[in-house]
Amino acid sequence: MNIFEVERGDSPIVLGQPHGGTWLPDELTGRLNANGRALADTDWHIGRLYDGLLDGATVVRMNVHRYAIDANRDPDGISLYPGQNTTALCPVTDFDGEPIWEDGQTPSEDEILARRDSYHAPYHAALAEEIARVKARHGVAVLYDCHSIRSTIPFLFEGRLPVFSIGTNGGETCAARMQCATADPCLKTEGADTVINGRFKGGWTTRHYGRPETGVHAIQMELAQRAYLAAEAAPWSYCINTAQPTRATLRRVLTNLDRLARSGALN
């Protein structure tokens with residue numbers, strides 16, 4: 001199994017997909033408890049949801065499940081949301097705060113470092129390479145980080161998430177017009193709610209790469225899974241009819257970003 005996959009395109013848009021993978025080495029699978037083996041915290045079908053929405057977009061896809069290591073966490077283990085419940089670089093609980101490892105099987109500090117070198121670092125090396133490549137071609141690069149999550153998770157946040165949660169770390173990781181180009185189609189989507197820099201302000205990926213002053217813009221899109229799944233529970237089935245309007249909005253978002261990046265207005 002390849003740790004990650006890259007689909008190269010000629011657009012200035014790079015789609016990061018750090019949490020769609022479900023592969024784990026047998027040794028880790030055997031150490032998970034029944035709760036962990038359910039892999040409930042996957043960004044289910046995120047690749048299918050975005051597939052074909054923007055011709056020429058580059059995709060960097062992580063195949064390793066986040067229970068081995070979370071590719072959207074700070075590699076030094078620093079919390080992105082101090083004072084709030086979250087999961088770690090190498091998670092020991094799921095999003096509901098429940099243990100995922102058998103007793104005595106949680107990763108040691110040495111193991112965490114080894115997983116970081118084996119999985120986290122190669123994925124980000126590939127992502128950085130693609131960002132640099134499209135920036136060299138266009139003078140600008142836009143990293144759009146694709147995420148999804150269950151709508152209701154009391155351990156992590158109160159109430160129900162909006163359909164579209166846009167994160168730019170308070171506007172620091174992209175130009176203001178990039179944020180507007182992302183939000184506008186979402187705000188105009190009938191029956192779907194949107195928040196900008198709410199509970200999810202952008203993970204480590206967005207905050208690490210987003211340097212608009214250098215021509216690299218980064219945006220995280222966290223989608224509520226009710227917007228494209230048949231149900232937010234196992235077997236986590238993709239629903240074409242439910243996903244269709246969501247895909248239409250995401251297509252407009254990516255088209256907006258692509259046109260803006262190609263216009264030269266951000267160089």
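Every read-out reported here was derived from the displayed coordinates using simple, explicitly stated rules and does not represent laboratory data. Quantities reported herein were computed from a predicted structural model and do not represent experimental measurements. Because the Cβ atoms are built from the backbone with ideal geometry, glycine has one as well, and the counts that use them run over all protein chains shown.
Against the empirical 2.2 N^0.38 Å scaling, what ratio does the C-alpha Rg of segment 173-261 come to? Provide the component values of the computation, followed by the final result.
Details: Rg = 14.3 Å, N = 89, 2.2 N^0.38 = 12.1 Å.
This ratio for segment 173-261 stands at 1.18.
By DSSP, what percent of the beta bridges with both residues in segment 4-261 are antiparallel, rounded to the nearest 5? Can you show the working numbers first?
Values: 12 of 33 bridges.
Here the share of antiparallel DSSP bridges comes out near 35 percent.
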| field | Centre separation in Å (Cα based) which lies between segment 237-267 and segment 173-204 | value | 12 Å
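Counting other Cβ atoms within 10 Å, which GluC sites (Glu not before Pro) in segment 166-221 have at most 10 and lie in a DSSP loop?
For GluC sites (Glu not before Pro) across segment 166-221 that sit outside H, G, I, E and B with at most 10 neighbouring Cβ atoms in 10 Å, the list reads Glu190.
Could you grab the Rg to Rh ratio for segment 95-244? Cα atoms only, Kirkwood for Rh. Walk me through the intermediate numbers first.
On the way: Rg = 17.7 Å, Rh = 17.4 Å.
Taking Rg over the Kirkwood Rh, I get 1.01.
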| request: Mind sorting out which of (i) -0.38, -0.47, -0.81; (ii) -0.41, -0.51, -0.91; (iii) -0.57, -0.68, -0.95 is the real log10 I(q)/I(0) by the Debye sum over Cα atoms at q = 0.09, 0.10, 0.13 Å⁻¹ computed from the coordinates? | output: (i)
| remark: Site Ala121, offset 7 angstrom along Cα→Cβ, radius 13 Å on amide nitrogen, limited to segment 64-86, gives 75-76
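At most 15 other Cβ atoms within 10 Å and a DSSP loop assignment: could you name the trypsin sites (Lys or Arg not before Pro) in segment 1-77 that fit?
Numbers: sites: Arg8, Arg31, Arg37, Arg48, Arg61, Arg66, Arg73; in loops: Arg8, Arg31, Arg66, Arg73.
Passing sites in segment 1-77 are Arg8.
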| field | Two-site label geometry, Asp10 and Cys180: point separation in nm, points 7 Å out along Cα→Cβ | value | 3.0 nm
| query | How long is the gain from Ser263 to Ala234 if the chain were fully straight, where each residue apart is worth 0.36 nm and the alpha carbon distance is subtracted? | reply | 6.1 nm
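Between the DSSP loop rule and a limit of at most 14 other Cβ atoms within 10 Å, which trypsin sites (Lys or Arg not before Pro) in segment 176-264 are left? If you can, show how the numbers build up before the last one.
Details: sites: Arg177, Lys188, Arg199, Lys201, Arg207, Arg226, Arg247, Arg251, Arg252, Arg259, Arg262; in loops: Lys188, Arg199, Lys201.
When the trypsin sites (Lys or Arg not before Pro) of segment 176-264 are filtered for loop state and at most 14 Cβ neighbours within 10 Å, Lys188 remain.
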| remark: Ordered by fewest other Cβ atoms within 10 Å, a rough proxy for footprinting exposure, Thr194, Thr29 read Thr29, Thr194
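Calculate, for Asn63 and Gln84, the FRET efficiency according to 1/(1 + (r/R0)^6) with r their C-beta to C-beta distance and R0 30 Å; round to the nearest 0.05. Let's see the in-between values first.
Details: r = 29 Å, r/R0 = 0.95.
Once the sixth-power term is evaluated, E becomes 0.55.
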| remark: Between the alpha carbon centres of segment 1-26 and segment 61-105 the gap in Å comes to 19 Å
